[in-house]
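Everything on this sheet refers to the single structure shown next.
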Amino acid sequence: MFDFKGRVAIVTGGAMGIGEGIARRFAEQGATVVLADVDESKGNEVVRDLARSGGGEPLFVRTDIRDVVQAERLVQTTVAERGRLDVLINNAGVFPVAPAMTTTPELWNRVLEVNLRGPFFLTQAAARQMKSQGTGGSVVNIASIDSLHPTGQLAAYDASKGGLRMLTRSLALELSPLGIRVNAIAPGSIATPGAAAASAGASASDVTKMLEAFTARTPLRRMGEPDDIACAALFLASRAASYVTGVTLVVDGGYLLS
């Protein structure tokens, strides 16, 4: 049920954090992984490591998903170099902390372009390819628990992830006749380099307090790891989830229970 041999998966934001974790899990299960990221150095490093560890024929394609032309080229390159496209993981995202009263139009536009506009047009390009193959496919969007519960000072991010959650449902309905399933994952707090960068402006004591507050509220009493999200993505894209579409799977250690 979790064998991805012969299947090709694009993972955006695959150079680090959750995206890297997803890429590694898919490669482990036999998928040919195509990494897309703006960080060419780290992206190629991950691809080399995947190849050394027996992860098939991974490929890196530098892509800024805000650019529709680059998104379309990513799909075209994937098909030209690896023959097909079966899975798309829309993971790339940004989450700058910014109070609503000081959020600039430039910041708002950047967050929405990366987190919502990019996934839509990349999914559009991927769906066209999947339709031409006639074998269906799977799209997994990485949303956030902030799409369900705001944490404060992330208005642009929350709006983008809330939009991505509804986009998931809309596309699941529209693409289902093509055999394309569209689902989302809503991670809780995950220990990643991106999360560390987002809190870089805070003092060490403030970061410690935030982490302690999070784990105290989380029934499983720990931060999430990229692999927690990777395993959920693997399930949603697999044959084990062949009757699952339009859902948002919350992976937060129980955080939203309290």
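Restricting Leu107, Leu50 to those that are of a type outside the set (Phe, Trp, Tyr), more than 27 Å from Met130 (Cβ to Cβ) and assigned to a helix (DSSP H, G or I) reduces the list to Leu107. Among the criteria (1) under 16 Å from the mean Cα position of the chain (by Cα); (2) within 28 Å of Thr218 (Cα to Cα); (3) buried (at least 18 other Cβ atoms within 10 Å of the Cβ), the one Phe120 does not fulfil is (2).
Looking for something under 23 Å from Phe235 (Cβ atoms), touching a Gly at 6+ places or on another chain (Cβ under 9 Å) and in contact (Cβ under 8 Å) with a residue 60 or more places away in the chain - is there at least one such residue anywhere in the stretch 33-51? Within the stretch 33-51 (the criterion being under 23 Å from Phe235 (Cβ atoms), touching a Gly at 6+ places or on another chain (Cβ under 9 Å) and in contact (Cβ under 8 Å) with a residue 60 or more places away in the chain), the answer is no, since none of the residues qualifies.
Is it true that Leu59 is under 18 Å from the mean Cα position of the chain (by Cα), surrounded by fewer than 23 Cβ atoms within 10 Å (Cβ to Cβ) and within 18 Å of Asp86 (Cα to Cα)? Judged against the criteria, Leu59 is a match.
Condition check: surrounded by fewer than 24 Cβ atoms within 10 Å (Cβ to Cβ), of a type in the set (Phe, Trp, Tyr) and touching a Leu at 6+ places or on another chain (Cβ under 7 Å). Does Phe2 satisfy that? For Phe2, the condition - surrounded by fewer than 24 Cβ atoms within 10 Å (Cβ to Cβ), of a type in the set (Phe, Trp, Tyr) and touching a Leu at 6+ places or on another chain (Cβ under 7 Å) - is met. The helices (runs of 4 or more DSSP H) falling completely within the stretch 127-229 that include 2 or more residues that are under 22 Å from Gly17 (Cα atoms) and modelled with pLDDT under 95 map to 193-198, 204-217.
The values are calculated or read from the model by the stated rules, or taken from the named source; none is laboratory data. Treat the numbers as computed from the prediction; the structure is a model and nothing was measured. Glycine gets a Cβ as well: all are built from the backbone with ideal geometry, and neighbour counts include every protein chain shown.
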